[in-house]
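Comments concern the structure below.
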Amino acid sequence: MATTVYQTYILRQQQHAAVWPRLQLSHGYWIQPDTAHYNLFLQNNGVGPAIIQKVYMIHNEDSSFSSTAEIARAIARQRNLPDTLVYSDYGDVVEDMVIPQQTQQGLLTLEDRRYVAPWVEEVREGGVQIVIQYQSLYGETWEVAYPGSHHRKIN
């Protein structure tokens, strides 16, 4: 009997592991005297899909933002820059969205030095934070945060 219970436990663990998602927020950028480029990505490096539960886009402790593009426009306004030319591309992450395994989604692309440098400065100083809570198909919940791509299991 004990062997059957243990085998059932092991089988269940294997089933859960077969669909574990693993979200990561990462960026890449370069800044030169005349040009600059910044990309922020959300990647699912896991073996299963990630189901988005909650998304927090925070700038200077204000969590009313719904996208990275809104934060980029707010930073531009703070610097007295035109907020209509801030980003060249952005992607939304919303509740109940499914991020398939082994995929990458762009969250923000900046291609103008006037906007890249202030964004990077805000990130370094802790003025920009993104927190995403997500679940596996079995309802296990994790949280990933940017910057730093901190990752932790919630339940």
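The values are calculated or read from the model by the stated rules, or taken from the named source; none is laboratory data. Just so we're clear, the structure is a prediction, and the values are computed from it rather than from any experiment. Don't worry about glycine lacking a Cβ; one is built from the backbone with ideal geometry, like all the others, and counts go over all protein chains shown. Side chains are part of the model used for accessible areas, which takes the heavy atoms of the whole protein and leaves out ligands, DNA and RNA. Shrake-Rupley method; radii C 1.70, N 1.55, O 1.52, S 1.80 Å.
Using a ≥ b ≥ c from the Cα gyration tensor of the range 100-155 (square roots of the eigenvalues), is it rounded, prolate or oblate, where a/c under 1.5 gives rounded and otherwise the larger of a/b and b/c decides, a/b for prolate?
It is oblate, given that a/c is not under 1.5 and a/b is not larger than b/c.
How much of the accessible area of the range 94-141, in percent, comes from carbon and sulfur atoms when a 1.4 Å probe is used?
For the range 94-141, the apolar C and S fraction of the accessible surface comes to 43 percent.
Going by Cα centres, the range 49-65 and the range 93-146 are how many Å apart?
The range 49-65 and the range 93-146 have Cα centres spaced 8 Å from each other.
Would you mind checking the radius of gyration and Dmax of the chain based on alpha-carbon positions, in Å?
Both quantities, over Cα of the chain: 18.7, 72 Å.
Using modelled backbone amide H atoms (1.01 Å from N, in-plane), which distant-in-sequence or interchain residues come within less than 5 Å of residue 53's amide H?
96, 133, 134, 135
In the range 66-155, what chymotrypsin sites (Phe, Trp or Tyr not before Pro) fall in a loop by DSSP, with at most 13 other Cβ atoms inside 10 Å?
Filter output for the range 66-155: 138.
Can you pull out the GluC sites (Glu not before Pro) in the range 36-98 that DSSP calls coil and that have at most 16 other Cβ atoms within 10 Å?
When the GluC sites (Glu not before Pro) of the range 36-98 are filtered for loop state and at most 16 Cβ neighbours within 10 Å, 61, 95 remain.
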